[in-house]
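**Student:** Dumping the structure here so I can ask a few things about it.
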Amino acid sequence: MSANKKTVFVLNGPNLNLLGTREPAVYGAHTLADVEQMCVEACGRHGFALRFHQSNHEGALVDWIHEAGRLHAAGELAGVVLNAGAYTHTSVALHDATKGTAITLIELHISNVHAREAFRHHSYIAAAAKAVMCGFGVRGYALAIDGLAGM
Ligand SMILES: O=C(O)[C@@H]1C=C(O)[C@@H](O)[C@H](O)C1
């Protein structure tokens, strides 16, 4: 990585590895690999380096947020785009990891969670996030990276 290139972490939580086949009427037909390519292109437009990850395990997401926090402390982090999936609605740990590392984090959802089941209407992460995006489909990932570039 060049001396002054900042990094964007794009982190994806449970079941997002199923994108493309999982409820396409809700999440679309693009795969997670398609989303990664969109993020590569968006980061390229802004001169960011990209770290793109997915895990079905809450602790793995916490660990990546901690790693992003270390880059933040070194002045090397542009920010984090987190689609925590269902952990959005359950995870105090992800809230605390975000607050505990002082990172710039954008909470992202492919769907408009506020137009869906009531249990999706609360986020444990939003109060620790710089911004929240939902409902733009997978385009939201590139839009979130564009948003980080403007911060
Ligand atoms: O829209 C999305 O990207 C989010 C993805 C999930 O897997 C759900 O559990 C969330 O409730 C919504």
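Every number in this text was worked out from the coordinates using simple rules, so none of it is lab data. Fair warning: this is a prediction, and the values are worked out from it, not measured in the lab. In this analysis, Cβ positions are derived from the backbone assuming ideal geometry, glycine residues included, and neighbour counts consider all displayed protein chains.
**Student:** What pairs come out if I take residues in region 13-42 that are in contact (Cβ under 8 Å) with a residue 40 or more places away in the chain and pair them with residues that are in a helix (DSSP H, G or I) and away from the ligand (no atom under 12 Å from the Cβ) whose C-beta lies under 7 Å away, six or more apart or interchain?
**Tutor:** G13/L61; M38/A142; C39/A142; C39/I145; A42/A142; A42/I145; A42/D146
**Student:** How many residues does region 68-77 contain that are touching a residue at least 40 places away in the same chain (Cβ under 8 Å), more than 17 Å from L108 (Cβ to Cβ) and surrounded by 17 or more Cβ atoms within 10 Å (Cβ to Cβ)?
**Tutor:** The qualifying residues number 1.
**Student:** Next up: Which of the residues that make up region 1-53 are touching a Cys at 6+ places or on another chain (Cβ under 8 Å) and either at positive phi or buried (at least 19 other Cβ atoms within 10 Å of the Cβ) (or both)?
**Tutor:** V8, V10, F52 - these are the residues of region 1-53 that are touching a Cys at 6+ places or on another chain (Cβ under 8 Å) and either at positive phi or buried (at least 19 other Cβ atoms within 10 Å of the Cβ) (or both).
**Student:** I would also like to ask the following. In region 41-63, what residues are of a type outside the set (A, V, I, L, M, F, W, C), more than 21 Å from A128 (Cβ to Cβ) and not in a loop (DSSP other than H, G, I, E, B)?
**Tutor:** E41, G44, R45, H46
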